[in-house]
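Heads up: the structure comes next, in structure tokens.
The values are calculated or read from the model by the stated rules, or taken from the named source; none is laboratory data. Every value quoted in this text rests on a predicted model; they were computed, and no experiment measured them. FYI the Cβ positions are ideal-geometry reconstructions off the backbone, even for glycines, and counts take in every protein chain you see. Heads up: the accessible areas ignore ligands, DNA and RNA and are worked out on the full protein's heavy atoms, side chains in. Shrake-Rupley method; radii C 1.70, N 1.55, O 1.52, S 1.80 Å.
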Amino acid sequence: MADLAVAVLIGLGGLVIIAAISLFLLKAVSGARRRRIAARRSRFVDLVGELIVRGDPGSRNFRRYAGDPEFRSVVLEYMRMLQGEDQLRLLAAARDMGLVARFLKSLRSRDRDERVSAVEALGEIGDPTTVTDLVFMLHDIVPEIQVQAAAALANIGDPSSVKSLLASMEQQDEWHAQRIADALYSFGREAVPEMARYLQGTGRYRPLIARTLGLIGDIRAEGSLIQALSSSDAGLRMRAAAALGRAGTPRAVPSLLELLADSQWEVRAQAASALGRRTDRQAVPWLRRALSDQSWWVRHNAAAALVEVPGGNEALRSSLAHPDPYARDAAAAVILSSGVAGEAVEALRSVEATDRLAAEDLISSLVQAGKAEFFLVAGLNPEYVDALRMRA
Amino acid sequence: MNKPKILVVDDERAVAFLLTRALESAGCAVTALGDGLEAYERALAERFDVILIDHLLPGLLGQEVVQRWRQAGLATPVIIVSGVSNEEDIVRSLESGASDYVRKPFSVREIIARVKVQIRDRPQSG
């Protein structure tokens, strides 16, 4: 029995020793591998760096490294670091080295990760000759690759690919469509004519494109956005109104005014905000009417818009005596939040009698509109506030 | 005539190498370091004509190093090279005592030109 126990112990001890030796060897091998990679990377940093500094066209000599992931990563690192002529020179070198061809080949790989990194790399390299291949990747089976291809195309910035991006967006779910819209936004003005054309069609992501056009803010989209205001799609009308608020001209104002009578409150609210941004005096009577809208948001946005429009503040103050209590409340709430009421409290101490009277008029109107609490909190005498409430 | 002496401080080896080689090609003698604290001590111990320093260094931020140099009385022109390029950051860097600020990605020619401007405009001692 004792012999058996000794044998087992010896066996176990042997196993522990073998495991320890294996672990040691594994660590040694992986450490050596890491050092080899670091040394190789370091060498590539020097080689490519020299190439950039010398502007040497002898980059064909580097073709033998084009398959090495470390080499590719170093070239991309320099690509990110540089701009202007240095970057263009490196791009030409990347072509000479066969690096671009390598990445293009990887686009056809069965390995998803290889395709992803190839698309990313081509986006960073930004070679205009790769546009057709990247457009092809917009049809990849993996949505992430399609989105990555869209970003790469945006980085290259060739407007001929915008139409393909819009077409590929149609096949996406909302999240991925938003990512493609982000890429279109990165294109900026170059993408506007094609996006404006898309807006006139029947594409399912027209609201998203209307929003993106508003963010880009190019006047060339105005006609399509105005047209979109009469769409049967409320989401599109809303986004188009917001876009025109950001980037429209006085030409958009009449259509936005009409939108204040839209059947959907979200659209009316957006139209009111947009009119505030357009700051056109003719909007004042329309916005004043909108203070009686059945929706709180519309009333609030109309009141806030009146603060921005020339002549709107007077209309807002006169609305404190509006026959509709909801209109009075909307006007009073915006006046209070604008800071004017606080200034009026200060002005009560003014040495100028006209300032004091104007302040008292405003406070009285606000108190009568149901905002006495504000002035009590601001420290006015309750009896004085009560007297103002009674003042006709 | 002595070569202008430049100190390059960047923990990214590729950036440090590129700036070093580019400045050497432009006729400068370059010392490259990757650590803010080491750079701080080296610049106080040895005279440099211009210092190029990365903003995001391990341990000590570029602008903190510059601030300490200025507090220690070092007047050498310092150019901060940074991938962080918001207005706030640029203003803070210049207020900390940096002479100039270059955004990454950069143009090698532009950096060399900026270094030459600092060498040309530096106050002559003696």
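In the range A:111-127, is there at least one residue being of a type in the set (D, E, K, R), farther than 30 Å from A:Gln146 by Cα and either outside any helix (DSSP H, G or I) or without any contact (Cβ under 8 Å) to a residue 60 or more places away in the chain (or both)? The answer is no; no qualifying residue exists. Within the range A:219-272, being surrounded by fewer than 16 Cβ atoms within 10 Å (Cβ to Cβ), among the polar types (S, T, N, Q) and under 18 Å from A:His300 (Cα atoms) holds for A:Ser263, A:Gln264. Got at least one residue in the range A:55-70 being within 14 Å of chain B (Cβ to nearest Cβ), without any contact (Cβ under 8 Å) to a residue 24 or more places away in the chain and within 30 Å of A:Leu104 (Cβ to Cβ)? Yes: one or more hits. Every condition in (1) buried (at least 18 other Cβ atoms within 10 Å of the Cβ); (2) under 28 Å from the mean Cα position of the chain (by Cα); (3) aromatic (Phe, Trp, Tyr) is met by A:Trp297 except one, and the failing one is (1). For the range A:157-176, the set of residues classified as surrounded by fewer than 19 Cβ atoms within 10 Å (Cβ to Cβ), part of a helix (DSSP H, G or I) and of a type outside the set (Phe, Trp, Tyr) consists of A:Pro159, A:Ser160, A:Lys163, A:Ala167, A:Glu174, A:His176, listed by residue number. Considering the range A:218-260, the residues that are outside any helix (DSSP H, G or I) and closer than 19 Å to A:Ala304 by Cβ include one that is farthest from the chain's Cα centre (by Cα), namely A:Leu260.
So for the range A:349-356 (the condition being surrounded by 22 or more Cβ atoms within 10 Å (Cβ to Cβ) and out of contact with any Asp or Glu (no Cβ under 8 Å at 6 or more places or on another chain)), does at least one residue qualify? Within the range A:349-356, none of the residues are surrounded by 22 or more Cβ atoms within 10 Å (Cβ to Cβ) and out of contact with any Asp or Glu (no Cβ under 8 Å at 6 or more places or on another chain).
Condition check for A:Ile52 on (1) within 20 Å of B:Pro105 (Cβ to Cβ); (2) more than 10 Å from chain B (Cβ to nearest Cβ); (3) aliphatic (A, V, I, L, M); (4) open to solvent by less than 30 Å² (accessible area, probe 1.4 Å): one failure, at (2).
Among the residues of the range B:1-46, the ones that are more than 14 Å from chain A (Cβ to nearest Cβ), open to solvent by less than 60 Å² (accessible area, probe 1.4 Å), in a loop (DSSP other than H, G, I, E, B) and out of contact with any Lys or Arg (no Cβ under 9 Å at 6 or more places or on another chain) come to 1 in all.
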